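What follows is a short report on a single structure.
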Amino acid sequence: MGFFEQLKEKFTQQKDAVAEKFKEGLAKTRQNFAGKVAKYRKVDEEFFEELEEVLIQADVGFDTVLELVDELKMEVKRRNIKDPADVKDVITEKLVDIYNAGGGQNGLNIQEKGPTVILFVGVNGVGKTTTIGKLAHRFIRDGKKVLLAAGDTFRAGAIEQLEVWGRRVGAEVIKQKEGSDPAAVVYDALQAARSRNADILLCDTAGRLQNKANLMKELEKVKRVIERQVPGAPHEVLLVLDATTGQNALVQAKQFKEAAGVTGIVLTKLDGTAKGGIVLSIRKELNIPVKFVGLGEKMDDLEVFDPEKFVYGLFEGLTE
């Protein structure tokens with residue numbers, strides 16, 4: 001049994017709801033593949049050219065695609081594969097290998113003795129506050145005590161938006177008035193997290209990239225405050241990116257990686273794009289693990305990223 005068939009059997013037997021969610025969430029990217037690659041009846045140069053084009057359009061990344069297609073050609077020749085349907089096994093295996101080659105920790109660095117401090121960074125409009133709310137919901141569902149720090153004091157309505165999520169999921173929000181020093185808000189939140197024996201502190205930050213130098217200095221100041229109060233923290237710096245922006249998300253990731261010491265990516269709106277390959281692009285080019293993906297609008301639609309479930313969602317139903 002080939003690699004893809006093994007994945008399919010595993011997820012089907014386990015009735016894996018998350019794998020099905022990946023399948024539903026990656027429908028737009030998969031349809032882009034289906035319309036073009038599934039029409040081929042033989043594995044020839046034309047097939048590989050089309051595959052190359054489709055992968056580039058899905059934002060897998062130019063260099064990664066060329067490398068992948070070269071490896072596929074060699075493997076197809078070695079295994080004497082003639083049917084395009086059989087290429088699915090090879091390509092899914094290679095994509096998982098590409099993702100896993102980066103190493104690093106896919107899960108979150110949760111401390112046994114709290115608080116675990118997680119700092120969220122990213123530009124305005126990517127779904128940062130919503131992600132904080134959804135992640136808080138996950139933690140609370142698992143029995144953790146969660147506090148939220150309203151560190152985005154500049155965007156109009158940001159504090160109120162976080163308070164709405166706080167009420168919705170049952171997490172206290174530590175805030176000051178609009179325009180306050182974000183580092184002071186985070187300082188207060190750290191004190192509150194300790195005094196209330198919180199397990200998790202999720203810190204929102206501003207995302208005004210048009211004023212990049214000031215923003216990055218501000219993030220560095222917030223990080224210094226956290227480090228002084230809780231040695232070894234922040235335990236995670238999660239960069240929130242909007243998957244629908246494709247390569248633009250990669251540019252943002254490069255800008256934040258250096259200044260903020262990003263430890264993981266949260267990719268929102270993966271269900272709303274045909275550019276799902278950006279997951280691999282980010283992993284390959286920046287060597288930062290994608291820790292969570294947004295696969296829908298509901299509170300439970302933030303899922304831990306799993307490369308096997310990702311490729312299952314990308315290829316299930318194709319060339320059948």
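Mean separation of Cα pairs under 8 Å and 6 or more residues apart, divided by the residue count, gives the chain a relative contact order of 28 percent. The fraction of all Cα pairs in segment 12-103 landing in successive 5 Å bins from 0 to the largest distance is 2, 12, 21, 25, 20, 13, 7, 1, given as whole percents. Given (i) 56, 45, 38; (ii) 49, 43, 37; (iii) 65, 42, 32 as candidate values of Cα extents along the principal axes in Å, which corresponds to the one derived from the coordinates? Recomputing Cα extents along the principal axes in Å here picks out (iii).
Assuming charge only on the beta carbon of Lys and Arg (+1) and of Asp and Glu (-1), the dipole of segment 66-152 about its Cα centre is about 400 debye to the nearest 20.
Relative to the longest principal axis of the Cα atoms of the chain, the long axis of helix 62-79 makes an angle of roughly 40 degrees.
Distance from the alpha carbon centroid of segment 46-74 to that of segment 256-293 works out to 20 angstrom.
Here the chain is assigned +1 on the Cβ of each Lys and Arg and -1 on the Cβ of each Asp and Glu. Its dipole about the Cα centre then comes out at about 1040 debye.
A 1.4 Å probe run over the protein chains yields, for the chain, 43 Å² of accessible area per residue, whole-number rounding. Restricting attention to segment 63-160, the count of lysine pairs at 8 or more positions apart or across chains with alpha carbons under 21 Å apart stands at 12.
Excluding same-chain neighbours fewer than eight residues apart, the lysines reachable from residue 221 by a Cα-Cα span under 17 Å are 212, 257. Considering all different alpha carbon pairs of segment 186-267, the Kirkwood hydrodynamic radius works out to 13.8 Å. Over segment 204-247, the pair-distance histogram of Cα-Cα distances with 5 Å bins from zero comes to 5, 18, 22, 23, 17, 9, 4, 2 percent, rounded to whole numbers. Here is the list for segment 261-301: trypsin sites (Lys or Arg not before Pro) lying in DSSP coil, each with at most 11 other C-beta atoms within 10 angstrom of its C-beta, are 298.
Just to confirm the number: angle between the C-alpha axis of helix 212-229 and the first principal axis of the chain, 0 to 90 degrees, nearest 10? That works out to roughly 70 degrees. Averaging 1/r over each pair of different alpha-carbon atoms in segment 68-122 and inverting the result gives 14.5 Å, the Kirkwood hydrodynamic radius. Would you work out what percent of the accessible area of segment 1-50, with all protein chains in place, is carbon or sulfur (probe 1.4 Å)? Solvent-exposed carbon and sulfur of segment 1-50 make up 48 percent of the total. Taking the Cα centre of segment 243-320 as origin and assigning +1 to Lys and Arg Cβ atoms and -1 to Asp and Glu Cβ atoms, the resulting dipole is close to 420 debye.
The values are calculated or read from the model by the stated rules, or taken from the named source; none is laboratory data. Note that the structure is a prediction, hence the values are computed from the model and not measured. Glycine also receives a Cβ, built like all others from the backbone with ideal geometry; neighbour counts cover every protein chain displayed. Side chains are part of the model used for accessible areas, which takes the heavy atoms of the whole protein and leaves out ligands, DNA and RNA. Shrake-Rupley method; radii C 1.70, N 1.55, O 1.52, S 1.80 Å.
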